[in-house]
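Participant: Quick one: the structure is below, questions incoming.
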Amino acid sequence: MNDEFVAKYPKTRIYEGDMLTVQSGHIGTSCIITKDFDNSNCHAVIISRVNREVVHPDYQAYYLNSLHGKRRLKSIFVGTSIKHINTKDLKLFTVPLPPLPEQHRIAEILSTTDAHLEKLEAIIGETQLLKKQ
């Protein structure tokens, strides 16, 4: 996005720790902005900033991406041919919040599990390539 776009749409600026949520397509899929993308801009997603004294951003994203979270999110989808989520509806969506230390631990465990799964998937892919040779 060029400087003109950035100046015209300052609300598209994202910062480390912000959560992005897909509005249309893979509705509700969420991620947390890492340091690499701090102070960037985005388009066509919902940007959420949480009170970090109450909510761990990674925990919130994991919840929204979970099977239970996705099922609950379907209740706020709107549209007939192309489903999407309105920003105002997502703002009212509640996420069950255990105490903050527990949120940190849950996010840490899920992050570690994801990293192990990625490594396992890479090994499986390499093994399949070797079998084809």
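Participant: Is there any pair with a first residue in the stretch 16-33 that is more than 11 Å from ALA61 (Cα to Cα) and a second that is open to solvent by 20 Å² or more (accessible area, probe 1.4 Å) and among the β-branched types (Val, Ile, Thr) whose Cβ atoms are under 9 Å apart and which are 6 or more apart or on different chains, and what are they?
Facilitator: GLU16/ILE32; GLU16/THR34; VAL22/THR29; VAL22/VAL45; GLN23/VAL45; GLN23/THR87; SER24/ILE82; GLY25/ILE82
Participant: Of all residues in the stretch 51-100, how many are modelled with pLDDT of 95 or more and among the hydroxyl-bearing types (Ser, Thr, Tyr)?
Facilitator: Selection size over the stretch 51-100: 4.
Participant: Now, a different point. For the subset of the stretch 26-43 comprising residues that are modelled with pLDDT of 90 or more and not in a loop (DSSP other than H, G, I, E, B), which member is surrounded by the fewest Cβ atoms within 10 Å (Cβ to Cβ)?
Facilitator: Restricting to residues being modelled with pLDDT of 90 or more and not in a loop (DSSP other than H, G, I, E, B), the top hit is ASP36.
Participant: Is it the case that the stretch 9-25 has a residue that's closer than 19 Å to ASP114 by Cα and in a helix (DSSP H, G or I)?
Facilitator: Among the residues of the stretch 9-25, not one is closer than 19 Å to ASP114 by Cα and in a helix (DSSP H, G or I), which makes the answer no.
Participant: For the stretch 44-92, enumerate the residues that are open to solvent by less than 40 Å² (accessible area, probe 1.4 Å), touching a Ser or Thr at 6+ places or on another chain (Cβ under 9 Å) and outside any helix (DSSP H, G or I).
Facilitator: Answer for the stretch 44-92, where residues must be open to solvent by less than 40 Å² (accessible area, probe 1.4 Å), touching a Ser or Thr at 6+ places or on another chain (Cβ under 9 Å) and outside any helix (DSSP H, G or I): ILE46, SER48, GLY79, ILE85.
Participant: Take the residues in the stretch 87-133 that are among the hydroxyl-bearing types (Ser, Thr, Tyr) and under 19 Å from the mean Cα position of the chain (by Cα), then tell me which one is nearest to ILE27 (Cα to Cα).
Facilitator: Taking the stretch 87-133 first, the residues among the hydroxyl-bearing types (Ser, Thr, Tyr) are 87, 94, 111-113, 127.
Restricting the remaining residues to those that are under 19 Å from the mean Cα position of the chain (by Cα) gives 87, 94, 111-113.
On the way: THR87: 12, THR94: 17, SER111: 22, THR112: 25, THR113: 24 Å.
If we take residues in the stretch 87-133 being among the hydroxyl-bearing types (Ser, Thr, Tyr) and under 19 Å from the mean Cα position of the chain (by Cα), then THR87 is nearest to ILE27 (Cα to Cα).
Participant: Could you tell me whether any residue of the stretch 119-132 is part of a loop (DSSP other than H, G, I, E, B) and either touching a residue at least 12 places away in the same chain (Cβ under 8 Å) or not β-branched (Val, Ile, Thr) (or both)?
Facilitator: Just the residues of the stretch 119-132 that are part of a loop (DSSP other than H, G, I, E, B), to begin with: none.
No, that holds for no residue.
Participant: Taking GLN103 as the residue in question, decide whether it is in a helix (DSSP H, G or I) and modelled with pLDDT under 95.
Facilitator: No.
Participant: Somewhere in the stretch 76-84, is a residue touching a residue at least 60 places away in the same chain (Cβ under 8 Å) and within 30 Å of GLU4 (Cβ to Cβ)?
Facilitator: yes
The values are calculated or read from the model by the stated rules, or taken from the named source; none is laboratory data. Every value quoted in this text rests on a predicted model; they were computed, and no experiment measured them. Backbone-built Cβ (ideal geometry, glycine too); neighbour counts: all protein chains shown. These accessible areas exclude ligands, DNA and RNA; they are computed on the full protein's heavy atoms, side chains included. Shrake-Rupley method; radii C 1.70, N 1.55, O 1.52, S 1.80 Å.
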